[in-house]
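The values are calculated or read from the model by the stated rules, or taken from the named source; none is laboratory data. Given the structure is predicted, the values throughout are model-derived calculations rather than measurements. Ideal geometry is used to build each Cβ from the backbone, glycine not excepted, and the neighbour counts take in all protein chains shown. Just the protein is used for accessible areas: all its heavy atoms, side chains included, with ligands, DNA and RNA removed. Shrake-Rupley method; radii C 1.70, N 1.55, O 1.52, S 1.80 Å.
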Amino acid sequence: MRTTSNPVFRNLPKQEGNGYASFGSATAGASQATQQFGQPQYAPAEPYQTGPTSRAMTIDDVVTKTGITLGVLTISALVSYFLVNNNADLAAPLVIGGGLVGLVLVLVATFGRKMDNPAIVLAYAVAEGLFLGALSFMFTNVQFGGVGGSALIAQAVLGTFGVFFGMLVVYKTGAIRVTPRLTRMIIGALIGVVVLALGNLVASFFVDGGLGLRDGGTLAIIFSLVCIGIAAFSFLLDFDAADQLIRAQAPEKAAWGVAFGLTVTLVWLYVEILRLLSYFNND
């Protein structure tokens, strides 16, 4: 079973039986002959057993739950943006509070294996919406050193969903196949950027600008482009993980976990695109 760079997709079934319509084609979603690190594949596990009152997850469930999650996040972000617009003192508390609550919910969902809990998923959407709304205001308001102009937010939103749908097409057509080698490369790159980001944060406490990864210079632009690229390729792994759940006939509620994982990646991608656009629009 392949893994995914998104931490909320865990313990996916190994069997790909006859399932429902899925994200990709057989070429893109087919199982590999070997597992990660080239080990032989273990004996397949039994597919999920659905109860008498439940049914197997379908692609419609994934689309619906993801749409609901993103809808809640959008409403929360709009509320946060207008709150900060009326009272700029709320910006920092909403960014810090929303970001920390969102991180805690991701950890609870991941390590507590509650990814399919709709309450946690929607609570995460609310927290991240508050975070993104306030952060977007700060990036575009000169009072916080922003570049000015809310059009930057619209560009970031369009760019985020453009990348999302572009990678969905890439996955569906099988232009790039999700293989164990690709998975290892993406996960390794993800770990690398996280370590660099943390190192830059620590260095910023002692040196102005830290390692230069977020100061708007050439190195910062390159770093943001790398992060955007990794986030984009992470979608391929997320689509593949969702595809395997559908093929294994996972319960309907598992669609909440898929929506959660995709939302986590979308949030990261949006922040990186917004940051990159602010670099180019900064005088």
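Just name the residue that is modelled with the lowest pLDDT out of those in region 265-283 that are in a helix (DSSP H, G or I) and open to solvent by 30 Å² or more (accessible area, probe 1.4 Å). Give the steps one after another, and end with the answer.
To start, the set of residues in region 265-283 that are in a helix (DSSP H, G or I) comprises 265-281.
Then keep just the ones that are open to solvent by 30 Å² or more (accessible area, probe 1.4 Å); that gives 268, 275, 277, 279-281.
Working: Trp268: 94, Arg275: 91, Leu277: 90, Tyr279: 87, Phe280: 85, Asn281: 80.
Among those residues, the one meeting the criterion is Asn281.
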For this session: Please identify the pairs in which a residue from region 202-226 that is within 22 Å of Leu277 (Cβ to Cβ) and open to solvent by 70 Å² or more (accessible area, probe 1.4 Å) has its Cβ atom under 9 Å from the Cβ atom of a residue that is modelled with pLDDT of 85 or more and polar (S, T, N, Q), counting only partners at least 6 apart or on another chain.
Result: Leu211/Asn200; Arg214/Asn200; Arg214/Ser224
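Please state which one of Gly261, Gly212 is touching a helix residue (DSSP H, G or I) at 6+ places or on another chain (Cβ under 6 Å), not in a helix (DSSP H, G or I) and not aromatic (Phe, Trp, Tyr). Talk me through it step by step, then tell me what you get.
Details: Gly261 fails: not in a helix (DSSP H, G or I).
After applying the criteria, what remains is Gly212.
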Exercise. Restricting the search to region 248-262, which residues are crowded, with 24+ Cβ neighbours inside 10 Å and not aliphatic (A, V, I, L, M)?
Worked result: Trp256, Gly257, Phe260, Gly261
For this session: Return the total of residues in region 102-117 being more than 16 Å from the chain's Cα centre (by Cα), buried (at least 17 other Cβ atoms within 10 Å of the Cβ) and in contact (Cβ under 8 Å) with a residue 24 or more places away in the chain.
Result: 1
For this session: With respect to Gly261, determine if the residue is of a type outside the set (Lys, Arg) and in contact with a Phe, Trp or Tyr (Cβ under 8 Å, 6 or more places away or on another chain).
Result: yes
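Would you call Val126 crowded, with 19+ Cβ neighbours inside 10 Å, at pLDDT 95 or above and within 18 Å of the chain's Cα centre (by Cα)?
Working: crowded, with 19+ Cβ neighbours inside 10 Å: yes; at pLDDT 95 or above: yes; within 18 Å of the chain's Cα centre (by Cα): yes.
Judged against the criteria, Val126 is a match.
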